[in-house]
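These notes concern the structure reproduced below.
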Amino acid sequence: MIHSPYVRKAVSVQRTMGLVLIALLPGIAAYVWQAGPAILVNLALATVAAVLAEALVMSLRKRPIGLAVADLSAVLTAWLVALSLPAIAPWWLTTCAVLVAILAVKHLYGGLGQNPFNPAMVAYCTMIVAFPALMSQWPALDGLGFADQLALILGGTRELDAITAATALDSLRTGLRAAGATVEAVSQGPAFGMLGSRGWEWVAAGYALGGLFLLARGIITWHMPVAFIAALGGLAGVFWLIDPAHYGSPLFHLASGGAMLAAFFIVTDPVSGATTPRGKLLFAAGVGLIVWLIRNFGAYPDGIAFGVLLMNICVPLLDMKTQPRVFGHREAAGGDK
Amino acid sequence: MIGRLFRFHGGIKPDAHKNESAGPAIQRAPLPRRLVVPLRQSPRATASCLVEVGQEVLKGERIGEPEGFLGTAVHAPTSGTVVDIARHPMAHPSGLDTECVVIEPDGEERWIEHAPFDYHTASREQALAWLRDCGIVGLGGATFPSHVKLGKGAGIETLILNGAECEPWITCDDRLMRERAADILAGATILRELIGARELVVGIEDNKPEAIAAMKEAAAASPHGVKVVAVPALYPAGGEKQLIRVLTGIEIPYGKLGGDYGVQCFNVGTAHAVYRAIAHGEPLISRIVTLTGNVDNAGNWEVLIGTPVQDLLPLARPRPDTDRTLLGGPMMGFALPRLDVPIVKGSNCLISASPRLFPPAPPEQPCIRCTECAKACPAELQPFELYWFGRSRNFGKAQEYHLFDCIECGCCSYVCPAHIPLVDYFRFAKSEIWAREREKAAADQARDRFEFRNFRQEREKAEKAAKLAAKAAETRAKLAEGVAEAPAAEAAAAEDPKKALIAAALARAKAQKAEVRPQNTDNLSPETQAEIAGIEARRKALEAAAPPAATATTPNADAPAAASDTAATAPGAEPRS
């Protein structure tokens, strides 16, 4: 028997997920504008794979299929996976990544709300470990028409040098490491734009715009984006001021790679992230720190997925140690009693 | 002094729906055919019946005598005849029964003699007793006896009058403030004097501008300096601890009362009832009830306590698609399991519900830890954590995370996008913990009883053993003294005829026993006799060597003496358990 309250706010998981999907649209639009419509193909592929996988698992688990598919959580996971992978990733790579996210990370742990790790980030990590070459091929902005992109996605010829380009993060890393060049010299390369990778500034700006929309609608709180941006930008700023020849500027770090997508859409995943206000700050700041470390000293061009997963591991501890004070109580709740 | 307002964490803004019933003035509800007056008006105390079936009662006549520390008197709401005293279902989610006095009104409304109570000349104790005898309890819903709340008497800085009325739909306090502001403030002034508070503040949610205006006007006319403060309309601003927080900044934790922090809070309706009781000597026999929801004629009625809900509802003309009736607001009220239950002192609102107004909750979805509930919780809890702990029956952890600080306001359930009935999980967890604690208490009691029984048995055994040992020592002494003892015993017996009689009886019994003792030592051969003599000699030697047994506590300590008195000691030496 359901008791009071007899009234409810007009909210639902579906509505929440839907608003996040809407918030991704400016970033996707900028992506298409800058890099061509290939990403749309991958988004569609990923969506279909995710929904089919979700429906399959729900039928195997003998749970209502319609409700699970309608909550849009699988679609959101699919979009985040597709946006993390290169736009010209072959169809089977995208599909594998989505299946890892939905089948393994989400449903093996008990389905929506139960997974301790961010599904999209586990999928990304699995793919970059399994297929490092394919995962580092991003479309060159010029000279690659939609037909070529489609051919690449559907498994056509891959003459890598002609059709792909290293990202700014990648070329900065290899430039500094292998060639011993300075930041200034490397950033004269064709991959660099005004702030980050050429064209990517617009995509990053699109994600940031969508993030502000989510903040305004109360879907996410300020804690995670602010802490992530402050940690990544702050660290980058300190080292850039000390040695601008060997460290990228804060703006470069924030406008490159998946920084903005992470700040508003990845670290803010409620299921696998910290939940207390202080926990959220520590969680996102931790991700920012790890991203900066991996970008500067790690073996991978970007470190968001690893940062998020490493901090996912810390979430139970963070939540336990940062329980807020309860009304009228001097000490905090729970904790290490 | 109140300088600024404070805010409490969380809170929600559900649709107020106050306009439906706030417009029309308070009307008197007609006399019902029968009044069912429960002798238990609050969950904490009951009253003992003072009337019999067939007795004529007058309006305001006491029919229930307060029982216990938290008891208050119960009165006949109108004149008439007591037709039944029996158990009747109550307005409670479970539909529990309680002892009720059923009165058939004679329609004449003849008052019992009543006179104002001069609380200035009376002692404080007398004034509090007067309120108890007038049946004054908190009308905000909790029905806590006012005289107990006033009992503190010292150390109260601020008296707060709660006119927030934050639950949607309910407007009974709003109308009361609009129409009887002066009486409310007169009652509040009495309360302030009785409790010794320095300042008096009235808190009203800012969605009741007419009530605020009326109260401000009355406050301006009052010589006692009353502050009327508009507080932001944010549910649950009318929760006592939330209102105290907003007005004074003081946070009162779970398990503490406002009085511990120098603040005391009374509902405006209570203040009005106090005024009627002191200034007119009228006991609490009616209250304002809001009838609203899916009805054509929403409004507020002055209703006699004991009026059955089914007699009241037609006044508001519920529409045909009404499927349930809620008692209280939609946030914390409950659906009445039946409609023949009476209005009691804590019943503030009846809402006719329809599927359109209160649609059934959508199916429950998995928690995605979005923390909306934590953002809304006025107790600053982490409801989703409590939910996980409650679900996994990890009640210890739930308590560690302050489950019992939950005031069950329903904010978390209201905002949950996954439509999880969080409050229900918390009610469940609380009741499970209570049940376990009761079980544990019962088990502890049983264990204590068992341990005490063992202890008692050990003690009795020891006492008996000591007694036997003493007796054995005595017997030994007697034997040693031999015949010489007899005259002494006779001399002692002479002192006390009763003792002499006992001694004589004992002697007779001994003699008898000696006679019936099997004489298997007769007609023995000389060899056997010699053998017996040998045995006897060895035994004597052993006895002489054995230590005296007087202090022994073991049951068989008397074994050496057994030879002389086997028959008497043997049964006592048997272990009893």
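Within the group A:9, A:62, which residue is away from chain B (no Cβ under 14 Å), in a loop (DSSP other than H, G, I, E, B), surrounded by fewer than 22 Cβ atoms within 10 Å (Cβ to Cβ) and modelled with pLDDT under 95?
Going through A:9, A:62 in turn, just one is away from chain B (no Cβ under 14 Å), in a loop (DSSP other than H, G, I, E, B), surrounded by fewer than 22 Cβ atoms within 10 Å (Cβ to Cβ) and modelled with pLDDT under 95: A:62.
Would a scan of segment B:318-328 turn up a residue that is closer than 25 Å to residue B:45 by Cβ and either modelled with pLDDT of 95 or more or touching a helix residue (DSSP H, G or I) at 6+ places or on another chain (Cβ under 9 Å) (or both)?
Within segment B:318-328, one or more residues are closer than 25 Å to residue B:45 by Cβ and either modelled with pLDDT of 95 or more or touching a helix residue (DSSP H, G or I) at 6+ places or on another chain (Cβ under 9 Å) (or both).
For segment A:30-44, give me each residue that is open to solvent by 20 Å² or more (accessible area, probe 1.4 Å) and modelled with pLDDT of 95 or more.
A:44
Which residue is nearest to the other protein chains (Cβ to nearest Cβ), if the candidates are limited to segment A:88-117 and must be free of Cβ contacts under 8 Å to residues at least 60 places away in the same chain and at positive phi?
Applying the filter and picking the extreme gives A:111.
Take segment A:26-52 and flag every residue that is in contact (Cβ under 8 Å) with a residue 60 or more places away in the chain and of a type in the set (Gly, Ala, Ser).
If the condition is that a residue be in contact (Cβ under 8 Å) with a residue 60 or more places away in the chain and of a type in the set (Gly, Ala, Ser), then A:27, A:29, A:30, A:35, A:36, A:38 are the ones that fit.
Scanning segment A:297-314 for residues that are modelled with pLDDT of 95 or more and more than 12 Å from residue A:267 (Cα to Cα), which turns out least open to solvent (accessible area, probe 1.4 Å)?
This residue is A:314.
Test residue B:237 against the criterion of being open to solvent by less than 10 Å² (accessible area, probe 1.4 Å), in contact with a helix residue (DSSP H, G or I) (Cβ under 9 Å, 6 or more places away or on another chain) and at pLDDT 95 or above, and give yes or no.
For residue B:237, the condition - open to solvent by less than 10 Å² (accessible area, probe 1.4 Å), in contact with a helix residue (DSSP H, G or I) (Cβ under 9 Å, 6 or more places away or on another chain) and at pLDDT 95 or above - is not met.
Here are B:278, B:250, B:244, B:204: which of them is among the aliphatic types (A, V, I, L, M), surrounded by fewer than 23 Cβ atoms within 10 Å (Cβ to Cβ) and either touching a residue at least 40 places away in the same chain (Cβ under 8 Å) or within 14 Å of another protein chain (Cβ to nearest Cβ) (or both)?
B:250 is the lone residue from the list that is among the aliphatic types (A, V, I, L, M), surrounded by fewer than 23 Cβ atoms within 10 Å (Cβ to Cβ) and either touching a residue at least 40 places away in the same chain (Cβ under 8 Å) or within 14 Å of another protein chain (Cβ to nearest Cβ) (or both).
Only one of A:25, A:67 is open to solvent by 70 Å² or more (accessible area, probe 1.4 Å) and at the interface with chain B (Cβ under 10 Å from one of its Cβ atoms); which?
From the options A:25, A:67, the qualifying one is A:67.
Is one or more of the residues making up segment B:313-330 among the acidic types (Asp, Glu), within 14 Å of chain A (Cβ to nearest Cβ), surrounded by fewer than 23 Cβ atoms within 10 Å (Cβ to Cβ) and in contact (Cβ under 8 Å) with a residue 24 or more places away in the chain?
The answer is yes; a qualifying residue exists.
The values are calculated or read from the model by the stated rules, or taken from the named source; none is laboratory data. Note that the structure is a prediction, hence the values are computed from the model and not measured. FYI the Cβ positions are ideal-geometry reconstructions off the backbone, even for glycines, and counts take in every protein chain you see. These area figures cover heavy atoms from the full protein model, side chains too; ligands, DNA and RNA do not enter into them. Shrake-Rupley method; radii C 1.70, N 1.55, O 1.52, S 1.80 Å.
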